[in-house]
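Student: Below are the structure tokens for one structure; questions will follow.
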Amino acid sequence: MTDEKNESIINNQYLTFKLAEEVYALDISKVREVLEMINMVKVPNMPVFMRGVINLRGSVVPVVDLRLKFGMSETEKTIDTCIIIVDITVDEEKVMLGVLADSVQEVIELESSQIEPPPKIGTRLKTDFLKGMGKQNDQFLLILNIDQVFSAAELLQVQAEV
């Protein structure tokens, strides 16, 4: 069998979560764990999307608000609000980051036939942070490339302040 055929029969697993009314997905291999909403310590002079830091078993983990990063209103704390702990790569170094979500849905499997490339919306709109658009039960999922959501400069600023 060729590599291409092997790739097509491997299912990819994704953690789905909501921001406002939209459903997003993260490659499960990037997700460490999901935490209930806990108190964060605010750090002065951070970018607006940086909501604070948490203590995760002795490690200081910055927490970002994807809603703010994507131009939405700030994530409000509800019973379903949670923090998704992800591993991202910045300048070839792994960094632990918390991402606020309105709610976590489920872990799903998508075959490559259920994923389309991100839409081409002209040259002004940057869509590098999207791996693709998944389709499940007549619903679109925005599959994030979490390593590309934040620029290296933004993440280095967050790391330097923490």
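The values are calculated or read from the model by the stated rules, or taken from the named source; none is laboratory data. Computed from a predicted structure; not experimentally measured. Note that each Cβ is placed from the backbone with ideal geometry, even for glycine, and that neighbours are counted across all protein chains shown.
Student: Do we find that residue 40 is without any contact (Cβ under 8 Å) to a residue 60 or more places away in the chain, farther than 17 Å from residue 144 by Cα and buried (at least 17 other Cβ atoms within 10 Å of the Cβ) in this structure?
Tutor: Criteria met by residue 40.
Student: Somewhere in segment 32-50, is a residue closer than 19 Å to residue 132 by Cα and of a type in the set (Val, Ile, Thr)?
Tutor: Initially, segment 32-50 is screened for residues closer than 19 Å to residue 132 by Cα, giving none.
No, every residue in segment 32-50 fails to be closer than 19 Å to residue 132 by Cα and of a type in the set (Val, Ile, Thr).
Student: Enumerate the strands (runs of 3 or more DSSP E) found wholly within segment 10-67, keeping only those where 1 or more residues are hydroxyl-bearing (Ser, Thr, Tyr). Full working, then the answer.
Tutor: On the way: elements: 12-19, 22-27, 31-36, 50-56, 59-65.
Result: 12-19, 22-27, 59-65.
Student: Would you confirm, using the coordinates I've provided, whether residue 83 is under 24 Å from residue 61 (Cβ atoms) and in contact with a Leu (Cβ under 9 Å, 6 or more places away or on another chain)?
Tutor: Yes, satisfied.
Student: Among (1) modelled with pLDDT of 95 or more; (2) surrounded by fewer than 19 Cβ atoms within 10 Å (Cβ to Cβ), there is one condition residue 13 misses while meeting the rest; what is its number?
Tutor: (1)
Student: Looking at (1) touching a helix residue (DSSP H, G or I) at 6+ places or on another chain (Cβ under 6 Å); (2) surrounded by fewer than 18 Cβ atoms within 10 Å (Cβ to Cβ), can you tell me which one residue 75 breaks?
Tutor: Every condition holds for residue 75 apart from (2).
Student: If you don't mind, another one. Being under 18 Å from residue 144 (Cβ atoms) and either among the hydroxyl-bearing types (Ser, Thr, Tyr) or in a helix (DSSP H, G or I) (or both) is the filter here; which residues of segment 69-80 pass it?
Tutor: Kept after step one, since they are under 18 Å from residue 144 (Cβ atoms), are these residues of segment 69-80: 69-72, 75.
Of everything in segment 69-80, those that are under 18 Å from residue 144 (Cβ atoms) and either among the hydroxyl-bearing types (Ser, Thr, Tyr) or in a helix (DSSP H, G or I) (or both) turn out to be 69, 75.
Student: Which condition number does residue 55 fail, the rest of (1) surrounded by 14 or more Cβ atoms within 10 Å (Cβ to Cβ); (2) over 16 Å from residue 149 (Cα atoms) being met?
Tutor: (1)
Student: Turning to a different aspect of this structure: Answer yes if at least one residue in segment 94-117 is under 18 Å from residue 148 (Cα atoms), in contact with a strand residue (DSSP E or B) (Cβ under 7 Å, 6 or more places away or on another chain), at pLDDT below 85 and not in a strand (DSSP E or B), and no otherwise.
Tutor: Yes, segment 94-117 contains at least one residue that is under 18 Å from residue 148 (Cα atoms), in contact with a strand residue (DSSP E or B) (Cβ under 7 Å, 6 or more places away or on another chain), at pLDDT below 85 and not in a strand (DSSP E or B).
Student: Since residue 4 meets every condition but one in (1) closer than 22 Å to residue 95 by Cβ; (2) modelled with pLDDT under 95; (3) loosely packed, with under 14 Cβ neighbours inside 10 Å, which condition does it not meet?
Tutor: Tallying (1) closer than 22 Å to residue 95 by Cβ; (2) modelled with pLDDT under 95; (3) loosely packed, with under 14 Cβ neighbours inside 10 Å, residue 4 fails exactly one: (1).
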